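Data block below; observations after.
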Amino acid sequence: MLDDRFETHSSRMVDREGVWDRHSNLYAWTSVLGERRGSPDVSQYAAPARAEDLCRLPRTYIDTGSAEGFRDEILIYAGRLSEAGVSVDFHMWGGGFHGFDMSVGDAAVSRASNATREEFIRRALDR
């Protein structure tokens, strides 16, 4: 969860029980922020997409599924990190929905996603 404003297409596109959809997202942001959700009074520490300066952030791994409700905000944030000079390992997994890598862990895309994430962590810790 990076952005509480629901301005992207993907934040509104998923409307299906059984997966994290726009209703789940709205509930979660409202639980965290209350009436401040979507207002100008939200801290970048609660909603990282609101940060103006990303240049001092560490190397980042960020991934998303192509059918993920957070997809567009993740794409935007990864792009902003890269523009700020942050080293970004970004991956979009075709057909992936929110939590696909945990809920269908035996699927080929889930195995690839998990292996890629684990390899990034290994490389990051091997200094």
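The values are calculated or read from the model by the stated rules, or taken from the named source; none is laboratory data. The structure displayed is predicted, hence computed values, not measured ones. Backbone-built Cβ (ideal geometry, glycine too); neighbour counts: all protein chains shown.
Brief remarks on what is shown
- Tallying residues that are surrounded by 14 or more Cβ atoms within 10 Å (Cβ to Cβ) and touching a residue at least 60 places away in the same chain (Cβ under 8 Å) within the stretch 95-116 yields 2.
- For the stretch 108-127, a residue qualifies if it is in a loop (DSSP other than H, G, I, E, B) and among the acidic types (Asp, Glu), and exactly one does: Asp126.
- Qualifying residue in the stretch 29-50 (condition: modelled with pLDDT under 95 and among the basic types (Lys, Arg)): no
- Among the residues of the stretch 57-71, those identified as in contact with a strand residue (DSSP E or B) (Cβ under 9 Å, 6 or more places away or on another chain), closer than 15 Å to Phe6 by Cβ and not aromatic (Phe, Trp, Tyr) are Glu68, Arg71.
- Tally of residues being touching an Asp or Glu at 6+ places or on another chain (Cβ under 7 Å) and outside any loop (DSSP other than H, G, I, E, B) across the stretch 95-107: 0
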